[in-house]
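The values are calculated or read from the model by the stated rules, or taken from the named source; none is laboratory data. None of the values given here were measured: they were computed from a predicted structure. Here Cβ is always computed from backbone atoms with ideal geometry, including for glycine, and neighbour counts include all displayed protein chains.
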Ligand code: SMG
Ligand code: MG
C-alpha cells in the first residue's frame, strides 16, 4: 500500500480543568492530529505533544516540523506492506518519537479499517474491557485534593494517581490514604527527585502504594536501580523507557518492578507491543499511561491496553474527565467497574467530529505523494 495524502493539524482544545505536575501546568491540549489516506481508506492518529519541552524534549513545533519535513515525505515514498513496517521506514530519523508515533498510529488505524478488523485485534488484544484510573494533578491545598479525589471516586474511578513534588508528597498522600484506606493509590513525581532523596521517598512506603512512578531523572535508569533497593514501594518507569532496548536495560538492572507503557513516548505501537511482550516474559506488569489525549489518541490507547500483560489500571480516563467537547462523536464512558469498553468495530473506533476538529485547528499542513 502507498499513502496518497497526509494531513497534519495542530489543535488547541481546552481541558475541563488545568493539569499541573511537578514541572509544568497546562490549560489544554496542543496535540498534533494526523490523518492518512490510501486507496479510499482513512486512518487517524495523535502525537500528544504540548507547547513546551517539559515532559520530554518534544513540542508541537518540533513534531509538526519533523512530520512535515522528514517523516511525512518518507512515509509517502514508502511501499507499506503492514503497519509494522513504519518503524523501519522512520529508523533513519533519531528520536522524535511522538512525531513518529502520531503517523504510525494513523497507519495502524488505516490498515485495521482496510482489513475490517479492530485495532485491538490487530495488536493481539485479549480483553473486552480495560481497567482505568484517574491521574490527579497537584492541587492548591490538601482540602481541595480530598474534594477532587472524592469527586472522581463518585464518578466511579477505582484507582487514583497523585502527582507529587517536594513539598507536596508525604502530607497529601497520607491524607488520601487515611481517608480511603483501601483505595488503589500510586504517585508520580515526573523526574523531580534525586537519588539523595531516597530517605525522603521512604516516607511514602507506609501508604501501601501500588508504585512510585519516575521519581528520578527523565533519562535515568541507573540511579532508579539504586533507588529500587532503598525504598519498599515498587519503582515504575515512565519517561526513561523510550524503546524496547531501554526496557531491556531497566529489566536487566532491576531498575523497576513495573513499567508504564505510553506508545507515543516509545515511538509507536509496534515497539510498545515489543516492550509489553518483553515485560510479560520477565514477569513485570505493565499499565497504560496517559498524555491527556483527545478522543483519537485515547482510542489508540484503549486498543493497546487490551493486551494481556496490562494488568494494572491505566491513566486512560473517560473523555469527559479531560474535555467538555472532544473531537470525536463517540467518547468513551466509564463503566461501573472502572473500565472502558474496547471497541470491536474496524480500526481504533474513534469517529472523528470533523467540524469540531476544524474549529480547534490552529495550524494545518497537507502533504501529497508526488508533490
Ligand atoms: O492522560 O490522564 C492522563 C494524564 C496521566 O499523569 C498523567 N500523565 O507523567 O504520567 C505522566 C503524566 C504526563 C502528562 S504530560 C501532559
Ligand atoms: Mg508519569
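Figures for the structure shown
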{"read-out": "Filter result for residue 229 (under 20 Å from residue 125 (Cα atoms) and out of contact with any helix residue (DSSP H, G or I) (no Cβ under 7 Å at 6 or more places or on another chain))", "value": "no"}
{"read-out": "Meets criteria (more than 16 Å from ligand 2 (Cβ to nearest atom) and surrounded by 15 or more Cβ atoms within 10 Å (Cβ to Cβ)) for residue 338", "value": "yes"}
{"read-out": "Matching option when the condition is within 16 Å of ligand 2 (Cβ to nearest atom) and either closer than 25 Å to residue 188 by Cα or not assigned by TED's automatic domain parsing to the domain that holds residue 193 (or both), among 42, 21", "value": "21"}
{"read-out": "For residue 312: the one exception among (1) within 15 Å of ligand 2 (Cβ to nearest atom); (2) in contact with a helix residue (DSSP H, G or I) (Cβ under 9 Å, 6 or more places away or on another chain)", "value": "(2)"}
{"read-out": "Any chance residue 30 is away from ligand 2 (no atom under 16 Å from the Cβ), out of contact with any strand residue (DSSP E or B) (no Cβ under 6 Å at 6 or more places or on another chain) and not assigned by TED's automatic domain parsing to the domain that holds residue 140", "value": "yes"}
{"read-out": "Residue in segment 260-292 that is surrounded by the most Cβ atoms within 10 Å (Cβ to Cβ), counting only those that are touching a residue at least 60 places away in the same chain (Cβ under 8 Å) and on the phi > 0 side of the Ramachandran plot", "value": "268"}
{"read-out": "Checking residue 88 against (1) in a helix (DSSP H, G or I); (2) in contact (Cβ under 8 Å) with a residue 24 or more places away in the chain, the condition it does not meet", "value": "(2)"}
{"read-out": "Extreme residue, nearest to ligand 2 (Cβ to nearest atom), among residues of segment 202-224 that are more than 20 Å from residue 250 (Cα to Cα) and touching a strand residue (DSSP E or B) at 6+ places or on another chain (Cβ under 8 Å)", "value": "209"}
{"read-out": "Options 79, 58, 104: the member that is part of a helix (DSSP H, G or I) and either assigned by TED's automatic domain parsing to the domain that holds residue 239 or in contact with a helix residue (DSSP H, G or I) (Cβ under 9 Å, 6 or more places away or on another chain) (or both)", "value": "104"}
{"read-out": "Elements of type helices (runs of 4 or more DSSP H) contained in segment 261-358, each with 3 or more residues being touching a strand residue (DSSP E or B) at 6+ places or on another chain (Cβ under 9 Å)", "value": "269-282, 295-304"}
{"read-out": "Test: residue in segment 164-172 that is out of contact with any helix residue (DSSP H, G or I) (no Cβ under 6 Å at 6 or more places or on another chain), more than 19 Å from residue 215 (Cα to Cα) and assigned by TED's automatic domain parsing to the domain that holds residue 280", "value": "no"}
{"read-out": "Only listed residue being within 16 Å of ligand 1 (Cβ to nearest atom) and in the same structural domain as residue 262 (by TED's automatic domain parsing), chosen from 201, 227, 211", "value": "211"}
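For (1) surrounded by fewer than 19 Cβ atoms within 10 Å (Cβ to Cβ); (2) assigned by TED's automatic domain parsing to the domain that holds residue 152; (3) more than 30 Å from residue 168 (Cα to Cα), each residue gets a yes or a no:
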| residue | (1), (2), (3) |
| --- | --- |
| 11 | no, no, yes |
| 17 | yes, no, no |
| 69 | yes, no, yes |
| 72 | no, no, yes |
